[in-house]
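Enquirer: Attaching a single structure in structure tokens format; questions to follow.
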Amino acid sequence: MKTDLGKVFTVSGEQGLFTYVAQAARGAILESMLTKKRMCAGPSAKMSALSDISIYTTDAEVKLQDVFEGMKKVLGNDDAPAGKSAPEVLKEFFSKALPNYDGDRFYPSHMKKVVEWYNFLKKNASLDFTTEEEADASAKAGQSDAKENVKNAAKVNAMASKGNAKASSKAAGVAKINVPRKSGNS
């Protein structure tokens, strides 16, 4: 199964990577790729999709997915150097995987995160990534599913408003309102 980096997040202060599950009323519901536990990341959480991260090179910025693919070509089936490796080891590795990286803006601390994410994805997901076209097609399919759900809810609401006994107010999404009753003493 391909990994969509647009749905893989890093959350500041949390260990590992998370996959996007759903939108919550006050943030997003994320599932840890490590523990499979879900959490709600609120609006104050500092989270980034891996698809939004780029690495500085001497020419331009390179998307993280392209960096991962370059790392995969260099490493084959081997793991990347550990995140706790010496800075010289990381710099030597990135000089092979991304030869034109900008040493003034791509620090060893960044390199550590990138190799940790690479190894984490290799172990817990897949290093076969979706392309932008596949991600767009998937998003459009999700939108059409949502439109279909809205159409179905509208049909159920229409049946309920016509008095069809088969349509339940719960299925139709009709909210029940508590109206105070008049007491017999008035």
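The values are calculated or read from the model by the stated rules, or taken from the named source; none is laboratory data. From a predicted model like this one, the values you see are computed outputs, not experimental measurements. Cβ coordinates were reconstructed from backbone atoms using ideal geometry, including for glycine residues, and neighbour counts include every protein chain displayed.
Enquirer: Is it the case that residue 51 is touching a Gly at 6+ places or on another chain (Cβ under 9 Å) and surrounded by 13 or more Cβ atoms within 10 Å (Cβ to Cβ)?
Expert: Working: touching a Gly at 6+ places or on another chain (Cβ under 9 Å): yes; surrounded by 13 or more Cβ atoms within 10 Å (Cβ to Cβ): yes.
The answer is yes for residue 51.
Enquirer: Exactly one of (1) at pLDDT 90 or above; (2) aliphatic (A, V, I, L, M); (3) surrounded by fewer than 16 Cβ atoms within 10 Å (Cβ to Cβ) is unmet by residue 30. Its number?
Expert: (3)
Enquirer: Let me ask you something else. Which condition number does residue 140 fail, the rest of (1) at pLDDT below 85; (2) assigned to a helix (DSSP H, G or I); (3) over 23 Å from the mean Cα position of the chain (by Cα) being met?
Expert: Of the numbered conditions (1) at pLDDT below 85; (2) assigned to a helix (DSSP H, G or I); (3) over 23 Å from the mean Cα position of the chain (by Cα), the odd one out for residue 140 is (3).
Enquirer: So residue 63 passes all but one of these: (1) in the same structural domain as residue 114 (by TED's automatic domain parsing); (2) touching a residue at least 24 places away in the same chain (Cβ under 8 Å). Which condition number does it fail?
Expert: (2) is the only condition that residue 63 fails.
Enquirer: Please return the ranges of strands (runs of 3 or more DSSP E) entirely within the range 1-50 where 2 or more residues are in contact with a helix residue (DSSP H, G or I) (Cβ under 8 Å, 6 or more places away or on another chain).
Expert: 8-11, 18-24
Condition check ((1) more than 19 Å from residue 18 (Cα to Cα); (2) assigned to a helix (DSSP H, G or I); (3) at pLDDT 95 or above) across all residues:
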position: 105; (1), (2), (3): yes, no, no
position: 118; (1), (2), (3): no, yes, no
position: 123; (1), (2), (3): no, yes, no
position: 133; (1), (2), (3): yes, yes, no
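Enquirer: Take the residues in the range 81-114 that are buried (at least 17 other Cβ atoms within 10 Å of the Cβ) and in contact (Cβ under 8 Å) with a residue 40 or more places away in the chain; name whichever of them is nearest to residue 51 (Cα to Cα).
Expert: Among residues in the range 81-114 that are buried (at least 17 other Cβ atoms within 10 Å of the Cβ) and in contact (Cβ under 8 Å) with a residue 40 or more places away in the chain, the one nearest to residue 51 (Cα to Cα) is 114.
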